[in-house]
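A.B. asks: I'd like to ask some things about the structure below.
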Amino acid sequence: MNIRNTVKAIIVRDNRMLLNVCKDGVFGDYYSLPGGGQRFCETLHEAVVRECLEETGYTVKPVRFAALCETIFTDNGLTIGNPNCAHRSYHIFICEIVNVEQTEPTEKDEMQESSEWVDVNEITGNAKIRLFPKMVADNICDILKGTAPIFLGSNYQN
């Protein structure tokens with residue numbers, strides 16, 4: 001089994017955060033930060049720029065590294081069926097949009113239905129939406145306010 005490096009972008013504009021709207025048979029309806037897997041010989045910065053363009057149609061510029069966390073799935077069905085995604089390390093960046101005009105997304109994630117701008121107040125405090133990974137949702141206020149990166153810990157999921 002390999003550890004999959006994953007990049008995620010926090011993009012906020014006019015007090016709204018750009019999130020991917022997702023749906024699958026295990027978790028149901030949820031939101032996710034734009035981002036995905038790092039490719040071989042690709043820097044984390046290059047990966048977050050590429051993934052945001054592919055999933056949202058926006059070109060971004062990473063401004064700062066914000067947080068790190070990992071998820072380890074212990075369900076045998078997942079670890080056997082998809083061992084390269086069972087252990088993920090999330091590198092989370094605060095990003096700014098570079099292009100004013102959004103282009104058509106070219107490569108959405110399998111579970112991604114669309115992207116939408118969500119009011120930050122619906123994500124923080126008494127969250128009205130389900131944002132994955134949960135460690136990010138639980139710490140989004142600290143991530144947004146912080147000036148130094150934080151380690152959000154590790155999470156085992158069945």
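A.B. asks: If you keep only loop residues by DSSP, which GluC sites (Glu not before Pro) in the range 100-133 have at most 13 other Cβ atoms within 10 Å of their Cβ? If you can, show how the numbers build up before the last one.
C.D. replies: Details: sites: 101, 107, 110, 113, 116, 122; in loops: 101, 107, 110.
Qualifying residues, ordered by number: 101, 107, 110.
A.B. asks: Over the chain, average the accessible area per residue using a 1.4 Å probe and give it in Å², no decimals. Write down the numbers at each step before the final one.
C.D. replies: Values: 8610 Å² over 158 residues.
Normalised by residue count, the accessible surface of the chain is 54 Å².
A.B. asks: In the range 114-158, carbon and sulfur make up what percent of the accessible area (probe 1.4 Å)? Don't skip to the end; give the middle numbers.
C.D. replies: Numbers: 1290 of 2780 Å².
The C+S portion of the solvent-accessible surface of the range 114-158 is 47 percent.
A.B. asks: Cα atoms only, the chain: Rg and Dmax in Å?
C.D. replies: According to the Cα coordinates of the chain, Rg and Dmax are 14.8, 44 Å.
A.B. asks: By how many nm would the segment from residue 40 to residue 72 lengthen if fully extended, with 0.36 nm per residue of separation less the alpha-carbon distance?
C.D. replies: Details: separation 32, 0.36 × 32 = 11.52 nm, distance 2.11 nm.
Full-extension gain reported as 9.4 nm.
A.B. asks: Counting only protein heavy atoms and a 1.4 Å probe, tell me what percentage of the range 1-64's accessible area is made up of carbon and sulfur.
C.D. replies: Details: 1590 of 3000 Å².
On the range 1-64, the fraction of accessible area on carbon and sulfur atoms equals 53 percent.
A.B. asks: Something else now. Treat each spin label as a single point 7 Å out from the Cα along the C-beta direction, and report the residue 64 to residue 132 distance in nm.
C.D. replies: Result for the modelled spin labels: 2.9 nm.
A.B. asks: Can you give me the relative contact order of the range 1-149 as a percent, contacts being Cα pairs under 8 Å and 6 or more apart?
C.D. replies: Values: 296 pairs, mean separation 48.9, N = 149.
Across the range 1-149, relative contact order equals 33 percent.
A.B. asks: Taking the Cα centre of the chain as the origin, how large is its charge dipole in debye, to the nearest 20, when only Lys and Arg (+1) and Asp and Glu (-1) carry charge on their Cβ atoms? Walk me through the intermediate numbers first.
C.D. replies: Values: 15 positive and 22 negative charges, 96 e Å.
Approximately 460 debye in magnitude.
A.B. asks: What does the charge add up to near residue 59, with Lys and Arg as +1, Asp and Glu as -1, over the other residues with Cβ less than 14 Å from its Cβ? Show your work: numbers first, answer last.
C.D. replies: Numbers: positive: 13, 50, 61; negative: 46, 51, 54, 55, 96, 101, 104.
Combined, the nearby Lys, Arg, Asp and Glu give -4.
A.B. asks: How much mean residue ellipticity at 222 nm does the chain get from its helices, if each DSSP H run of length 4 or more adds -39500 (n - 2.57) and you divide by all residues, to the nearest 500 deg cm²/dmol?
C.D. replies: Details: 3 runs with 31 residues, N = 158.
Computed ellipticity for the chain at 222 nm equals -6000 deg cm²/dmol.
A.B. asks: Also, I was wondering about something else. At 1.4 Å probe size, put 40, 93, 132 in order of accessible surface, largest to smallest. Don't skip to the end; give the middle numbers.
C.D. replies: Working: 40 190, 93 10, 132 50 Å².
Sorted by accessible area, descending: 40, 132, 93.
A.B. asks: Under 5 Å between amide H atoms, partner at least 5 residues away or on a different chain: which partners does residue 57 have, H built in plane at 1.01 Å?
C.D. replies: Under 5 Å from the amide H of residue 57 lie the amide H atoms of 106, each far enough along the sequence or on another chain.
A.B. asks: Then there's this: If you build the convex hull over the alpha carbons only and average its shadow over all orientations, what do you get for the range 1-57? Give it in nm² to one decimal.
C.D. replies: On the way: hull surface 20.7 nm².
Over every viewing direction, the Cα hull of the range 1-57 projects on average to 5.2 nm².
A.B. asks: Give me the base-10 log of I(q)/I(0) for the range 103-142 at each q in 0.16, 0.28, 0.32 Å⁻¹, Debye formula, one uniform scatterer per Cα, rounded to two decimals.
C.D. replies: Rounded to two decimals, the profile gives -0.51, -0.99, -1.11.
The values are calculated or read from the model by the stated rules, or taken from the named source; none is laboratory data. If you're wondering where the values come from, they're calculated on a predicted model, not measured in any experiment. Note that we place each Cβ from the backbone using ideal geometry, even for glycine, and neighbour counts take in every protein chain shown. Calculation scope for accessible area: heavy atoms of the full protein, side chains included, ligands and nucleic acids excluded. Shrake-Rupley method; radii C 1.70, N 1.55, O 1.52, S 1.80 Å.
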